[in-house]
Amino acid sequence: MPVSKLPYPDYKLKSGWNALLPARAPNPKLAEKIEVDVAIVGAGFTGISAAKRWRELQPDATIALLDSSEIGEGNPGRNSGFLLEISLAEDADAKNIAKMAVSNKLISETMQHIVSEVQKSGMDCDIKRAGTYRAAASDTGNRSLKKYQAFLEATKTPFEELDKNELKQRLGTSFYQAGLYSPHCYLVQPASVIRALATSLPNDINLFENTAALNLTENKNGWTIKTAHGSIQSKKVVLANNAFSKDLGIGKSCLAAMYTYAGLTPQLEPGLLECLGSDKNWGLLPTHRLGSTLRRTADGRLLIRSHYGYEAESSINVIRAKLHSRMQTRFPQLDQIVFEQIWGGAVGFTFNGGALWGEAKPDLFVSAGCNGGGTVKGTLLGRLLADLANGKEVPNVAKLFGKASWMPPDPFRALGFHLASLLESIQGHKEL
């Protein structure tokens, strides 16, 4: 008999970011039957934001927040640590300036709210407004770069154009032919940031860790969430578990889980660091959707995020080989460096990049399909979802960030993913 797919990520590889932090005692698992006014599935950026906003709007509501993992070990602690102050490149639309102005304003305000909360926590999250690079290694990448530049120019967003020599001087790699630098990005230690945001949850919000939502059913009193050792009866439910909302019955027709992988070096010796450019703390986002993300951390490590898998983690040996090859291509001076940490993370992927957001069924609300932008944008959408559920006026999210389109079911979806990935890899192979 085939093994059923779990409705949550069951990672075999520990988060490398979380491994760098001091050990933390998790909140208890849910081990009984409880009743609440609202249950929120997923204690990431979206779920925590929704919980805090709900408490502001409903001071007396009983709120339960549950997560299948531990704070810092789940998806929010597995990203590359880019917190953009402006819309993602995938959302950028130079032809609709008014829409982008509204989007950028909302994103910027949300980013400042995150910074404020992190500062109030007193935790060291290595948060710094370091900006971000985008760089192209081929004509294919350069076309995407020019499209993003047009968006920045149309929205009067400051940036720098950089040639190959300037990129090498700053970043220590001659791999890229051209690039842009934008100051509108914070770089962070993501596992530390999500820990910091969780510490500021109101004490009367019940946070259950290592408590996966296994089943969701509707009844006359609202919704019941089954967990391994208990259950929650709730009047309203918020699904903030991204791609895995489809495994609870919401979003099957438009969501897929795409796994990406990261490798982090040890702290590098001073001699090596001298060969890695003048910029001591930087991040680079690819111009190609299958390209490699890079970071140099303030404590002297290099990170590469690359390689993709559909709905399941790849073999550790395959991941290690891919990451090492792509790091070596960019930094041949690091040929002998072995990654200290390797891990994966699941991204909620939609075919057209639009979000699955809103009231999916009566008193059941969802925010999913982050497409790799689940930090700042996810925080914003979690707050807006709480507003929507409590009858407040909200912006037109579908107009601002798109609406997820239909995807064919498996096995056609998986076949399409692999064929599209193969075609993209061939067309953009110089960017990978």
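Read-outs throughout are calculated quantities, based only on the coordinates presented, and are distinct from any laboratory measurement. These figures come from a predicted structure and were not determined experimentally. With ideal geometry, Cβ positions are generated from the backbone for all residues, glycine too; neighbour counts draw on all protein chains shown.
I need the shape label for region 167-284. Rule: rounded when a/c is under 1.5, else prolate if a/b > b/c, else oblate, with a, b, c from the alpha carbon gyration tensor.
prolate
Give a residue-ordered list of calculated ³J(HN,Hα) values for region 61-75 (Karplus: 6.51 cos²θ - 1.76 cosθ + 1.60, θ = phi - 60°; whole Hz; x for Gly, Pro).
So the Karplus estimates, Gly and Pro as x, are 5, 8, 10, 10, 10, 10, 9, 6, 10, 10, 4, x, 9, x, 3 Hz.
Arrange the following residues from fewest to most other Cβ atoms within 10 Å of their Cβ: Ser68, Ser253.
Ser253, Ser68
Please list 34-47, 271-284, 348-361 highest first by mean number of surrounding beta-carbon atoms within 10 Å per residue.
Taking the mean over residues of other Cβ atoms within 10 Å, the ranking is 34-47, 348-361, 271-284.
Determine the percent antiparallel among the DSSP beta bridges restricted to the chain, to the nearest 5.
70
Which value results when the Cα radius of gyration for region 250-392 is divided by 2.2 N^0.38 Å?
Computed over Cα atoms of region 250-392, the ratio equals 1.29.
Calculate the dipole size of region 210-267 relative to its Cα centre from +1 charges on Lys and Arg beta carbons and -1 charges on Asp and Glu beta carbons; express the result in debye to the nearest 20.
My answer is approximately 220 debye.
Could you rank the peptides 126-133, 388-395 by their average count of other C-beta atoms within 10 Å per residue, with the highest value first?
Packing proxy ranking, top to bottom: 126-133, 388-395.
Spin-label point model (7 Å from Cα, Cβ direction): what's the Arg129 to Asp335 distance in nm?
If labels sit at Arg129 and Asp335, their model points lie 4.2 nm apart.
Answer with one residue from Ser15, Ile34, Asn75: the one whose Cα lies farthest towards the positive end of the charge dipole of region 1-79, charges on Cβ with Lys, Arg +1 and Asp, Glu -1.
With unit charges placed on the Cβ atoms, the residue in question is Ser15.
Per residue of region 170-178, what does 6.51 cos²θ - 1.76 cosθ + 1.60 with θ = phi - 60° give for ³J(HN,Hα)? Whole Hz please, x for Gly and Pro, Karplus curve as stated.
7, 10, x, 10, 9, 5, 9, 8, 7
Got a sec? Which residues in region 30-48 would a label at Thr62 touch, if it sits 7 Å along Cα→Cβ and we count backbone N under 12 Å?
The answer is 33-39.
Treat the count of other C-beta atoms within 10 Å as a stand-in for reagent exposure and order His307, His229, His113 from fewest to most.
Ordered by Cβ neighbours within 10 Å, fewest first: His229, His113, His307.
Take Ala31 and Asp299, extend 7 Å from each Cα along the Cα→Cβ direction, and tell me the distance between the two endpoints in nm.
The answer from the label model is 3.3 nm.
So what's the gap between the Cα centers of region 140-209 and region 1-72, to the nearest angstrom?
27
What is the diffusion coefficient of region 133-191 in µm²/s, taking the Kirkwood radius over Cα pairs and the Stokes-Einstein relation at 25 °C with a viscosity of 0.890 mPa s?
201
Could you name the aspartates and glutamates in cross-link range of Lys361, using Cα to Cα under 17 Å and dropping any fewer than eight places away on the same chain?
Filter leaves Asp37, Glu218, Asp247, Asp387.
Specify which labelled value, from (1) 65, 48, 45; (2) 152, 51, 35; (3) 66, 62, 41, agrees with Cα extents along the principal axes in Å derived from the coordinates of the model shown.
Label of the calculated value: (1).
What do you get for the angle between helix 376-389 and the principal long axis of the chain? Use alpha-carbon atoms, 0 to 90 degrees, nearest ten.
20
Using a Gaussian network model of the chain whose springs link C-alpha atoms within less than 10 Å, name the residue from Ile107, Ile86, Ile316 with the highest mean-square fluctuation.
Ile316
Who wins for biggest fluctuation among Ala213, Ala135, Ala23 in a Gaussian network model of the chain, springs between alpha carbons below 10 Å?
Ala23
Assuming a ≥ b ≥ c are the square roots of the Cα gyration tensor eigenvalues, decide whether region 215-295 counts as rounded (a/c under 1.5), prolate (otherwise, with a/b larger than b/c) or oblate.
prolate
When the dipole is taken about the Cα centre of region 201-341, and only Lys, Arg (+1) and Asp, Glu (-1) are charged at their Cβ, what size is it in debye, to the nearest 20?
Taking the Cα centre of region 201-341 as origin, the dipole is about 500 debye.
So how tilted is helix 45-57 from the main axis of the chain? Cα-based, degrees 0 to 90, rounded to 10.
The angle comes out at about 40 degrees.
Just add up the charged neighbours of Gln149: K/R +1, D/E -1, any other residue whose Cβ is under 11 Å from the Cβ of Gln149.
Net of charged neighbours comes to +1.
Just to confirm the number: angle between the C-alpha axis of helix 316-330 and the first principal axis of the chain, 0 to 90 degrees, nearest 10?
Tilt relative to the chain: about 40 degrees.
Between beta-carbons, use under 14 Å as the cut-off and find the net charge around Ala389, counting Lys and Arg +1, Asp and Glu -1.
That sum, taken over residues with Cβ under 14 Å, equals +2.
Given the options Ala404, Ala154, Ala212, which has the most mean-square fluctuation in a GNM of the chain, springs set between C-alpha atoms less than 10 angstrom apart?
With Cα springs under 10 Å in the chain, the top fluctuation among Ala404, Ala154, Ala212 is at Ala154.
Take the cross-link list Lys252/Lys399; Lys52/Lys99; Lys226/Lys252; Lys168/Lys280; Lys95/Lys164; Lys33/Lys220 and give me the ones stretching past 24 Å between alpha-carbons.
In this structure, Lys52/Lys99; Lys95/Lys164 exceed 24 Å between Cα atoms.
Skipping prolines and chain starts, which residues have an amide H placed within reach, meaning under 5 Å, of the one on Val238, given they are 5 or more residues away or on another chain?
For Val238, the qualifying residues are Ala39, Ile40, Val41, Phe365.
Please turn the phi angles of region 214-230 into ³J(HN,Hα) values with the Karplus equation 6.51 cos²θ - 1.76 cosθ + 1.60 (θ = phi - 60°), one per residue in order, whole Hz, x for glycine and proline.
9, 7, 10, 9, 8, 8, 5, 9, x, 9, 10, 10, 8, 10, 4, 10, x
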